[in-house]
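The values are calculated or read from the model by the stated rules, or taken from the named source; none is laboratory data. Keep in mind that this is a model prediction, so the values were computed, not measured. Every residue, glycine among them, receives a Cβ derived from its backbone with ideal geometry; neighbour counts consider all protein chains shown. Surface accessibility is based on the protein's heavy atoms, side chains included, excluding ligands, DNA and RNA. Shrake-Rupley method; radii C 1.70, N 1.55, O 1.52, S 1.80 Å.
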Amino acid sequence: MLERLNTESLTRLPADVEKPPYDRSRLTPGIVHLGLGAFHRAHQAVATDLAMTATQDLSWGILGVSLRSAATRDALTPQDGLYTLALRDTAPGGEPREQLRVVGAVQRVMVAEEDPNAVLERIAYPQTRIVSLTITEKGYSHEPATGHLRWDDPDILHDLDNPIRPRSAIGLLVYGLALRRERGLPPLTLLSCDNLQANGDTLRSLVLAFALRIDAALTGWIDKHCTFPNSMVDRIVPATRDEDRARIAQRLGVEDAWPVVGEPYLNWVIEDKFAAGRPAWEAAGATFVTNAAPYERLKLRMVNGPHSALAYLGGLLGIATIGEAAALPALRGFLDDMMRCEIAPTLKGIPDVGLEGYRHRFLGRVVNPELPQLTRQVAMDGSQKLPQRLLATIRERLRGGDDIRRLALAVAAWLHYLRGVDETGARHSIQDPLAAPLAKLLARADVAARAAAPNQAALRRAMVLAGYRPVFGDLGKKPVFIAALAAQLETLREHGVLHALQEVAREPQAAAPIADEGEAAVAASVREPAGVGA
Ligand code: CS2
């Protein structure tokens, strides 16, 4: 049996594996991170590792918190917090490439559910200067369409009555901040790195709303002492597979029970408003700006929107991975048209970003053969993802009276996918915090369609579905959207995905595509984010 990766075996790793070159015994914890999943460990943690490498400021150790599962803690504790990041792609000659780095920034891992009070204590620890989050969209206990806190969320209800044993991320943050205030501790930055538009502002308003319920004075303190920068992070990080673990162990010569795999590409744009300093994340290619909103919009619409479309349309075709889905000519052509004709025109005027280059690069990223990502993984939690990925774009297009057929097809694909069966007849489970109300919604829509006159059935169905306010908000009242959704859903139901793709490709385009900028312009204007350690 192989020896385990840990402080001791770290010294014996092969020379081609990058390692933290600083003295880990001198690390002090400056960051508490909620949600120690693969995404964090493949971006912020490694960026912190590189920042400490560059500056030798070792006051940014990470105390990682898993909200529920003990798996990460159980795997990383025997490894002294060490794990491997494997960046994988294909070399220009076509051969697979993999670069390994053992990341040293995570000092310790806790599980909030086991000991929530220990997490509150850490938030209220004098050395803690940043509390960051990657808890996924659903971790915010908010209504996706409006961003408002869901006061009927069972965890929020629980937390209002349980100040020392909170279960939700919002509860943990607010009670931790209350303790910080009580102790007269210095300011703190709360940094959301999740895929939400205005993720910092959203977090701030959720924290303040909860704080107001428990102690009005606390809101004033938070307002004065805490900052909530908005940020955008982009790196594709599929779930780690057993074969990744086996391959990485073979290269390391020791066993790493919890490595992460990702693409070399990393783009991290953050508003530079930190209440108590920050690591020099520029060392990992992070960009600091005064307003991250345009970059968030760009990424949510041009990366995550198409990603979700691939997951649902590919999933309906019975395709297992995003890469295989994107390689299908009909789907690839659809994606390209949707990005070029319907999404890109809503994204003009973003400094230093060439949209053509951005689009081409995304299409290249998703077919990375060394990084298979399951359509099932990206399809998860659609109710939490669609508002910022597809519906915001649709809203903007409707304001201009512009074509939305392709975006409507992507939304229809989500609704069709929710039936839990693909076109080959295979069943898939629906992983979504709103799975139960969504199942009822589909049933209601079926009843309404059956009760309607045959030529009205599709419209009735779409009206019921789009009337689901937690996801669609005011879009349920927009006749143009309902008609477009009805048409695409009907085509999917009657003729299937490939036919729907052909139909949207065939019809004349209502809006002129934005002009190609040409390769030279693209090369000059596209921001080239640094690949970590590249
Ligand atoms: C994906 C994202 O799982 C998903 O929903 O769309 O995780 C995506 O891979 C990242 O946001 C890329 O930065």
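The aspartates and glutamates whose alpha-carbon is closer than 16 Å to the alpha-carbon of K440, local same-chain residues fewer than 8 away aside, are D432. Each Lys and Arg adds +1 at its Cβ and each Asp and Glu adds -1 at its Cβ; summed about the Cα centre, the chain shows a dipole of about 1040 debye. On full extension, the segment bounded by N455 and L2 gains 156.4 nm, given 0.36 nm per residue less the C-alpha separation.
Evaluate the Kirkwood expression for the hydrodynamic radius of region 371-448, namely the inverse of the mean inverse distance over all pairs of different C-alpha atoms, and round to one decimal in Å. Result for region 371-448 stands at 13.9 Å.
Taking every alpha-carbon pair under 8 Å whose residues sit at least 6 apart, the chain reaches a relative contact order of 15 percent.
Could you grab the relative contact order for region 129-203? Cα pairs under 8 Å, six or more apart, rounded to a whole percent.
Working: 77 pairs, mean separation 31.8, N = 75.
Value for region 129-203: 42 percent.
So between T28 and T424, what do we pick up on full extension, going 0.36 nm a residue minus the alpha carbon distance? Contour length minus the Cα-Cα distance gives 137.2 nm. Using Cβ point charges alone (K and R +1, D and E -1), the dipole size of region 100-198 about the Cα centre works out to roughly 560 debye. Find the centroid of the Cα atoms in region 471-497 and in region 1-69, then give the distance between the two in whole Å. Measuring centre to centre over Cα atoms gives 47 Å.
Placing dummy labels 7 Å off each Cα toward the beta-carbon, the span from Q377 to N291 is 3.5 nm.
Listed highest first by mean packing, meaning other Cβ atoms within 10 Å per residue, what order do 105-116, 213-224 come in? Please report the intermediate quantities before stating the final value.
Working: 105-116: 19.9, 213-224: 15.1.
The most tightly packed comes first, giving 105-116, 213-224.
Determine the percent antiparallel among the DSSP beta bridges restricted to region 54-111, to the nearest 5. Given both bridge residues lie in region 54-111, the antiparallel proportion sits at roughly 60 percent.
When nucleic acids and ligands are ignored and a 1.4 Å probe is applied, L212 ends up with an accessible area of around 110 Å².
Bridges between two residues of the chain, per DSSP, are antiparallel at a rate of about 35%. Among 264-270, 67-73, 455-461, the peptide with the highest mean count of other Cβ atoms within 10 Å heads the list, and the full ranking is 264-270, 455-461, 67-73.
Globularity index of region 393-503 is 1.03 (Cα radius of gyration / 2.2 N^0.38 Å, N = number of residues). Rounded to 0.05, the FRET efficiency of the A483 and A239 pair, given R0 = 30 Å and the Cβ-Cβ distance, is 0.20. Here the Debye sum runs over all C-alpha atoms of the chain as equal scatterers in vacuum, and log10 of I(q)/I(0) at q = 0.06, 0.08, 0.12 Å⁻¹ comes out as -0.29, -0.53, -1.19. For K224, a cut-off of 23 angstrom between C-alpha atoms picks up these lysines, skipping any fewer than 8 places away in its own chain: K273. Ranked by the mean number of other Cβ atoms within 10 Å of their residues, highest first, the peptides 248-258, 312-322, 185-195 fall in the order 312-322, 185-195, 248-258.
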